[in-house]
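Reading through the structure tokens given below for one structure.
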Amino acid sequence: MKQIKLTNNWYIILVFILALSGCKSNADLQRANWDYKIPIVGNSWNLDTRSDKRVIGRRGLRNWSELETKLRTYFFVEKTGTIDLAFRAKVKSGQSKIKFDFADYSKIISIDNNSFDTIPIGRFKVKKSGYQQLDIQGLKKSADNYADLTDIFIAGPATQGKVYYVKDDFYFGRRGPSVHLNYKEPEDKNIEYFYNEIHVPEEEDVIGSFFMANGFSNGYFGIQVNSSDQRRILFSVWSPYRTNNPEEIPEEDRIRLLKKGPDVNAGKFGGEGSGGQSYRKYFWKAGTTYRFLLKGAPAGNNYTDYTAYFYAPEIGEWQLIASFRRPKTGTYLNRLHSFLENFIPSQGNITRKAYYQNQWVRTVEGKWYELTEARFTADNTARKKNRIDYAGGSEGDKFFMKNCGFFSENVTIGTHFKRNTTGNAPQIDFDKLP
């Protein structure tokens, strides 16, 4: 074969082009095996908030027709160094041009294969360990959509340490990790009331967030961001009968509503256990501190009554949310905790944070005890390392929790935190509670 000689000028130009691309040519990156296959369905989000079309489904990226659709895929690597990237895709017909952005580099790939194939993107450099992001955007297409895309492949020195991404349970993986604070209670005390406060900083009130303040062994009580124009105060009590379908609960095991406050809706709930649920639509505000009071005490005949009160500074008084009676239960409050979760999968790529502060409990004798210690835990999504974007801790006299958004600095599950004491027991006139 005759060798082709490059002049010095052409050689310099070629080297310059390859340097600008930040990666080797695709021919140099063909691999028989890739270290990791990252499914689009569990690890990618559509960043185009203007589009309400569902483009990410169980089979990956589909119906990808809008130029504004920008896909972002996340994965975590412990090591720095070079990394090879590829994707598995096909086009319906003709040819598509797709732009990939990773770190400081961009690469445009043309594809014309009509059956699924693994297509190299390039070789890049990971300069900082932690969560990485690969942005994908369609530029030109012959068919009605850019491509069907199912997976991202990675390999190379940067993948030789720990690598984390959502491998299964994609619904919960997209929701992100839920985190909890489990408070240390005074020993051998019958706790009748649990008081807590939540302060959500401005711009941390992300849609899909549940800032749960007063959790206990049989239920939970807190505030949610349900949509751009709706927020709720939510109080629920689980039935002793274990099922996700409330219609299956026998009559003797059903939660009974005793009373509810004005503008409060009450009924059944299911899906994650079943029982009685109440909520009030209330547009609470970020940057404001809200107060929560929960009562739990035996009602006789193996029943326990749980009652939730909410105090908004905009209103200036305690308001009843609801009171439920739980059968086959004769106990005061126990297993007190708070949690932070995202319940909308499409919002799992956005970070949220809240402060949980001034926790107190009151015994049946009427004595207040301040809760200043808590143990940090997280759900199965975090424990099996599908997602590690979670954190918690204490800042002065406040605890905090933070999750989602693919930040890289996390906290070890099981860590114990201690906040500063305030000594300011709640001033509540219990005789005037509604």
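Observations, loosely collected:
- Of the criteria (1) closer than 23 Å to Phe406 by Cα; (2) in contact with a helix residue (DSSP H, G or I) (Cβ under 7 Å, 6 or more places away or on another chain); (3) among the small types (Gly, Ala, Ser), which one Ala103 fails: (2)
- Entirely in the stretch 342-434, the strands (runs of 3 or more DSSP E) that have 3 or more residues that are out of contact with any Leu (no Cβ under 9 Å at 6 or more places or on another chain): 352-363, 368-370, 390-395
- Set Asn358, Asn302: member being farther than 30 Å from Thr73 by Cα and either outside the structural domain of Asn182 (by TED's automatic domain parsing) or surrounded by fewer than 16 Cβ atoms within 10 Å (Cβ to Cβ) (or both): Asn302
- Test for Gln224: is it under 28 Å from Gly42 (Cα atoms), crowded, with 17+ Cβ neighbours inside 10 Å and out of contact with any helix residue (DSSP H, G or I) (no Cβ under 7 Å at 6 or more places or on another chain): yes
- Hey, Lys384 without any contact (Cβ under 8 Å) to a residue 60 or more places away in the chain, out of contact with any strand residue (DSSP E or B) (no Cβ under 9 Å at 6 or more places or on another chain), surrounded by fewer than 19 Cβ atoms within 10 Å (Cβ to Cβ) and not hydrophobic (A, V, I, L, M, F, W, C) or not: yes
- Any chance Gln230 is touching a strand residue (DSSP E or B) at 6+ places or on another chain (Cβ under 9 Å), crowded, with 20+ Cβ neighbours inside 10 Å, in the same structural domain as Ile344 (by TED's automatic domain parsing) and not acidic (Asp, Glu): no
- Qualifying positions in the stretch 178-215 - within 30 Å of Arg58 (Cβ to Cβ) and either touching an Asp or Glu at 6+ places or on another chain (Cβ under 6 Å) or modelled with pLDDT under 95 (or both): Ser178, Phe210
- Whenever a residue of the stretch 391-402 is in the same structural domain as Trp360 (by TED's automatic domain parsing), its partners that are polar (S, T, N, Q), lying with C-beta atoms within less than 6 angstrom and at least six residues away or across chains, give the pairs Ala391/Asn410; Gly396/Asn420; Asp397/Asn420; Asp397/Thr422; Lys398/Gln357.
- Entirely in the stretch 139-214, the strands (runs of 3 or more DSSP E) that have 3 or more residues that are under 16 Å from the mean Cα position of the chain (by Cα): 179-183
- Considering the stretch 262-286, the residues that are over 17 Å from Gln224 (Cβ atoms) and not in a strand (DSSP E or B) include one that is modelled with the highest pLDDT, namely Pro262.
- Leu257, sole failed condition from (1) closer than 30 Å to Pro177 by Cβ; (2) assigned to a strand (DSSP E or B): (1)
- Screening the candidates Arg123, Arg88, Arg72 for the property of being over 16 Å from Tyr36 (Cβ atoms) and in contact with a strand residue (DSSP E or B) (Cβ under 8 Å, 6 or more places away or on another chain) yields one hit, Arg72.
- Looking across the stretch 150-186 at every residue that is in contact with a strand residue (DSSP E or B) (Cβ under 6 Å, 6 or more places away or on another chain) and among the aromatic types (Phe, Trp, Tyr), the one that is farthest from Tyr332 (Cα to Cα) is identified as Phe153.
- Looking only at residues of the stretch 94-132 that are touching a Cys at 6+ places or on another chain (Cβ under 8 Å) and at pLDDT 95 or above, we find that the one that is farthest from Ile154 (Cα to Cα) is Lys107.
- Condition check for Tyr220: over 29 Å from Arg387 (Cβ atoms) and either outside any helix (DSSP H, G or I) or not assigned by TED's automatic domain parsing to the domain that holds Gly287 (or both): no
The values are calculated or read from the model by the stated rules, or taken from the named source; none is laboratory data. Note that the coordinates shown come from a computational prediction; the quantities given were computed from them, not determined experimentally. For neighbour counting, all protein chains shown are included, and Cβ atoms are generated from backbone atoms with ideal geometry for every residue, glycine included.
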